[in-house]
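Reading through the structure tokens given below for one structure.
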Amino acid sequence: MTLLNKPTSRRELLTQVGLGLGGVALGGAFFPGAAGASEPLGLIDPLAPKAPHFAAKVKSVIWLHMDGAPSTLDLFDYKPELIKLAGQEVPASFMKGIKEGVRGSTGKLFATKREWKQHGDSGAWFSDLLPNLAEQSDKLAFIKSSTTIGATHDISVLKLNTGDLSPGRPSLGAWVQYALGAANPDLPAYVVLYNDKREPRGGSINWSSGFLPAVYQGTAFRPGDSPILHLNRPELVAEAEQGSTLDLLGRLNRAHALRRPQDSELQARIRSYDLAARMEVTAPDAVSLAKETDATKTLYGFDDETSKSYGETLLRARRLVERGVRFIQVVSGPLEVEGESRNWDGHNNLEENHRKHSRQVDKPIAGLLADLEARGLLDSTLVVWTSEFGRTPFGQSGNGRDHNPWGYTQWMAGGGVKAGTTVGGTDEIGMQAVGKKVDTYDLQATVLQLMGLDHLKTTFLHNGRAERPTVVYGEVVQELLA
């Protein structure tokens with residue numbers, strides 16, 4: 001319950017309860033169990049479903065963030081010239097336009113001992129690190145000319161998620177929830193999943209609602225069998241008792257909120273109580289994997305300890321998609337490399353780092369794509385494989401790669417995507433993007449387009465200015481659209 005600003009007398013309490021009862025009688029209940037279903041007088045439900053600007057191609061997004069930035073040169077971007085020149089100094093022509101102070105120390109060109117093959121009708125190149133995902137090659141649309149600004153993890157991750165280099169702007173998932181509302185009132189419309197014991201680096205600023213009302217921020221679920229804390233009713237509290245308590249709290253909170261209609265934090269807190277009450281009934285089944293078959297679990301990599309936790313996370317993502325969750329942000333977790341817990345950030349010993357992390361995600365992601373297709377969900381779901389930046393073709397620490405925001409690969413799959421296509425590329429050694437360059441703003445604009453939203457018309461008035469998700473940038477990448 002939200003506390004009042006000053007001590008409340010018995011007379012004031014009864015008056016406030018009366019106001020709350022009047023609101024409930026006029027407009028319907030806030031908590032389950034009371035009569036009615038519509039919003040109380042004076043309060044508009046910010047999570048009510050809203051119409052898109054035009055017909056949407058997809059209903060949900062699964063945003064797969066590879067935390068730490070993998071070397072897509074060693075996954076998708078086959079460069080025979082890099083292999084040929086390995087061990088030599090980087091030719092100056094490839095560094096044109098990149099300031100020396102920004103690129104860090106430049107080592108000699110470095111090629112890992114990968115086997116490369118083309119797969120599917122599209123002929124897409126995959127290294128031997130991703131054998132399972134390679135089998136899904138014809139479902140993917142590659143962006144091989146991705147670029148961004150900044151070459152530090154926290155800044156570039158923030159830009160990928162919110163469009164800015166500093167905290168304070170809404171994340172893409174928050175914009176989607178603001179623009180479209182919730183398709184399922186019994187679950188959060190924007191969920192964050194991760195497979196580490198701790199929240200991902202940077203934490204909640206990467207799923208923040210920013211200057212949007214607080215109700216639109218993402219809801220983080222933990223890994224494991226109990227992703228949602230305190231989901232079950234206390235053991236010694238009966239269902240009827242809890243219902244009566246929540247009903248009274250709801251009425252008191254309503255009265256309090258009606259006097260403070262501009263307090264979005266208060267409204268978000270009240271609605272979180274409401275959602276929590278409904279989630280006691282719906283969420284256990286949504287996040288439980290107990291009913292999934294052994295064949296499905298194997299498809300997601302449960303049979304390998306390296307991929308099991310990430311597989312559980314992606315299987316949970318599929319279950320949330322089935323239940324109408326609009327935006328699911330999945331962050332890959334670290335693994336032990338050289339005795340330390342590391343993400344994809346392969347500054348040294350890239351071979352061991354990427355071999356382990358590829359094994360962690362390869363089978364689960366391939367399984368997710370196959371499972372979505374088998375269940376008829378791929379046409380209504382957009383899967384986006386992202387990273388904060390890529391990695392350089394020159395070496396670092398002898399056997400690793402530095403950060404590269406000037407040219408790297410990302411991909412999309414699912415509804416509305418022109419599967420089997422490739423947009424742009426990188427130069428002969430994989431240093432800089434060539435052809436059509438695709439910034440994170442363009443990626444966000446394209447995701448919104450597939451959700452039925454014009455990124456130029458998705459606006460919110462903040463400090464007298466009409467703000468939009470892509471700030472003042474962004475173009476829809478038409479080449480990616482079917």
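The values are calculated or read from the model by the stated rules, or taken from the named source; none is laboratory data. Keep in mind the model is a prediction, meaning the values are calculated, not measured. Here Cβ is always computed from backbone atoms with ideal geometry, including for glycine, and neighbour counts include all displayed protein chains. Calculation scope for accessible area: heavy atoms of the full protein, side chains included, ligands and nucleic acids excluded. Shrake-Rupley method; radii C 1.70, N 1.55, O 1.52, S 1.80 Å.
Select from the range 303-352 the residues that are in a helix (DSSP H, G or I) and more than 15 Å from Val287 (Cα to Cα) and list them in ascending order. Those that are in a helix (DSSP H, G or I) and more than 15 Å from Val287 (Cα to Cα): Glu305, Thr306, Ser307, Lys308, Leu350, Glu351, Glu352.
Quick one: in the range 70-87, which of the residues that are under 33 Å from the mean Cα position of the chain (by Cα) and part of a helix (DSSP H, G or I) is farthest from Glu388 (Cα to Cα)? Here the answer is Leu82. Checked against the criterion of being closer than 29 Å to Gly376 by Cα and touching a Ser or Thr at 6+ places or on another chain (Cβ under 6 Å), the candidates Gly420, Gly407 yield just one match: Gly420. Annotation for the range 380-397: at least one member residue is over 23 Å from the mean Cα position of the chain (by Cα), open to solvent by 20 Å² or more (accessible area, probe 1.4 Å) and modelled with pLDDT under 95. Of all residues in the range 425-446, one or more are over 25 Å from the mean Cα position of the chain (by Cα) and either within 30 Å of Pro46 (Cβ to Cβ) or at pLDDT below 95 (or both).
Can you confirm whether the range 113-136 contains a residue that is at pLDDT below 95 and open to solvent by 20 Å² or more (accessible area, probe 1.4 Å)? Yes.
Criterion applied to Met431, Met412 was being in a loop (DSSP other than H, G, I, E, B), of a type outside the set (Lys, Arg) and in contact with a Phe, Trp or Tyr (Cβ under 9 Å, 6 or more places away or on another chain), and the one residue passing it is Met431. What do you reckon, is Glu388 under 29 Å from Glu81 (Cβ atoms), out of contact with any Leu (no Cβ under 7 Å at 6 or more places or on another chain) and in contact (Cβ under 8 Å) with a residue 24 or more places away in the chain? Answer is no for this residue. For the range 349-379, a residue qualifies if it is free of Cβ contacts under 8 Å to residues at least 60 places away in the same chain and buried (at least 23 other Cβ atoms within 10 Å of the Cβ), and the qualifying residues are Asn353, Gln360, Leu372.
Considering only the range 398-424, how many residues are among the polar types (S, T, N, Q), open to solvent by 10 Å² or more (accessible area, probe 1.4 Å) and closer than 29 Å to Lys113 by Cβ? The number of residues fulfilling the criteria is 2. Based on this model, can you work out whether Gln449 counts as more than 18 Å from Ser156 (Cα to Cα) and surrounded by 15 or more Cβ atoms within 10 Å (Cβ to Cβ)? Taking the combined requirement at face value, the residue satisfies it.
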